[in-house]
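Here the structure comes first, spelled out in structure tokens, and everything after it is commentary.
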Amino acid sequence: MGAKTWMVFASLVETCELNRADPWAYFRWLFKKSEDRTSLKSHQELMPWKCPVGRR
């Protein structure tokens with residue numbers, strides 16, 4: 001279980017890097033956005049390239 005969790009986390013960090021988004025800013029935005037589940041229409045809205053904060 002730990003290896004799969006790390007794989008997902010590392011994949012998201014690398015995706016942030018490839019999309020020039022700061023990983024820490026992305027995760028803060030992600031957790032804040034996921035608190036309000038009513039505004040989410042799909043998981044696509046939570047991808048790193050949709051993150052409006054922490055751009056490089």
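Observations, loosely collected:
- Extension gain, R55 back to S42 (0.36 nm per residue minus Cα-Cα distance, nm): 2.5 nm
- Charge context of A10, other residues only, Cβ under 12 angstrom, K/R +1, D/E -1: -1
- Gain upon complete extension [R28, A10; 0.36 nm per residue less C-alpha separation]: 4.9 nm
- Helix-only mean residue ellipticity at 222 nm for the chain, each DSSP H run of n ≥ 4 adding -39500 (n - 2.57), per residue, nearest 500: -17500 deg cm²/dmol
- The charge dipole of the stretch 2-50, taken about its Cα centre with unit charges on the Cβ of Lys, Arg, Asp and Glu (plus for the first two, minus for the last two), comes to roughly 140 debye.
Every number here is computed from the coordinates shown, using simple stated rules; none is lab data. Just so it is clear, the structure is predicted and the values come from calculations on it, not from any experiment. Please note: Cβ atoms are built from the backbone with ideal geometry, for glycine as well, and neighbour counts cover all protein chains shown.
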